[in-house]
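What follows is a set of notes on a single structure, which appears directly below.
Nothing in this text is a laboratory measurement; each read-out follows from the coordinates by a stated rule. What you are looking at is a predicted structure, and each value in this text was computed from that prediction instead of being measured. Note: ideal-geometry Cβ built from the backbone for every residue, glycine included; neighbour counts use all protein chains shown.
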Amino acid sequence: MSIKVGIPRALLYYYYHPQWVTFFRRLGVETVVSRETTRGLLDKGLKSTVDEACLPVKLAVGHVLDLRDRVDYIFLPRIVSTARKEYICPKFLGFPDMVRHTINNLPPIIDCNFNLYHKGSSPADFYFQVGKFFTRNPAKIIMAYNASKAALEKHNLDMQSECLPVRQEHAADGVGNCNGINIAVIGHPYVIYDNYISMNMVKRLRDSGARVLTADHLPESVVREEAFRLPKKMFWTINQRMVGAAYHYFGREDVHGLIHVASFGCGTDSFTGELIERCARCGSHKPMLSLTVDEHTGEAGMVTRLEAFMDMVRWRRNLADAAATL
Ligand code: SF4
């Protein structure tokens, strides 16, 4: 029977899952991904987490609990930095410790450091540490790492052609019944791509005839270049990405509106939202909707706001079309 490693369907799983799954598979290790988010899974996370934690962290704890009794290891990388001279939120850094101290009877946790902050650091260092849990053969680890890197590069290219993460599980969504309305949805990947937490926002927008664009549909270079318009470099990688993408979409003629999705309890979202709103007020004039999701967010309220927003976008567009024919 092969060794099973559990991967919570949460946090940076939405960026790195093709790489993680490929890496373990190449080492001969089976991966088990936690189930899709449900109310029950979220409730388990809420009961085991401190109130001050943000919603995505509470949810991630629920996903760990979902794996606890089904796997031999749980993969919780201690992600410090994913780019030079930048950081990921400190909650990622402390997540393995939080889990260890709040959940009993866990299988061993793989919590190697992923830290690209310093010059000369490489993701290979991290994968080498992880690989040593399962083999003493360095060549096998290097080959698994190279294959996993290629899988991630392919995934990133797929994303830029407007796929969604875990695309095989979302294949039925397609790219949407586009009526020429393009809506940018800006938020943490682990919020906007989690169907339960986002209340199927992407699908709802697509069903209403919109083409949905996210930060992940843009090349890294574009997002960074836009974010460099800020007077000071933002050193939180994901939020820098969100601001850069928002600036880019605000400047595009073919994008008709933007939705910013914040998570309750997220400190960095508060100033990211402010930066995006200032851009909407001063430089863009495109319709913008700000939504904050938490464990109490009601679906009816969300649906009403999305519908009203789409009505506004269509109305503005009709006005613009009418003005163009005068
Ligand atoms: S960036 Fe915000 S939402 Fe993400 S883990 Fe940190 S506090 Fe939570």
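Quick notes
- In sequence order, segment 60-69 has phi-based couplings of 4, 5, x, 5, 5, 4, 5, 8, 3, 9 Hz under the Karplus curve 6.51 cos²θ - 1.76 cosθ + 1.60, θ = phi - 60°, and Gly or Pro positions carry x.
- Cα centroid separation - segment 234-304 against segment 1-38, whole Å: 30 Å
- With 10 Å bins from 0: P(r) over segment 172-326, alpha-carbon pairs, percent: 11, 42, 36, 11, 1
- Segment 1-117 - Rg over Rh from alpha carbon coordinates, Kirkwood radius: 0.95
- Put simply, the amide H of L213, placed in the peptide plane, has neighbours under 5 Å in I183, A184, V185, leaving out anything fewer than 5 places away on its chain.
- Straight-line cross-link reach from K232 at under 19 Å between alpha-carbon atoms covers these aspartates and glutamates, not counting any fewer than eight positions away in the same chain: E86, E220, D269, E274, E277.
- Global size of the chain: 20.3, 73 Å for Rg and Dmax (C-alpha atoms, Rg to one decimal, Dmax whole).
- A300-T135 FRET efficiency (beta carbon distance; Förster radius 56 Å; 0.05 resolution): 0.60
- Only Lys, Arg (+1) and Asp, Glu (-1) charged, at Cβ; the chain dipole about Cα centre in debye: 760 debye
- For segment 219-234, backbone phi angles converted through the Karplus equation (6.51, -1.76, 1.60; θ = phi - 60°) give residue-by-residue couplings of x, 3, 4, 5, 5, 5, 4, 5, 5, 6, 6, 5, x, 10, 5, 8 Hz, Gly and Pro being listed as x.
- Fluctuation leader among P219, P77, P18 - the chain, Gaussian network, Cα springs under 10 angstrom: P219
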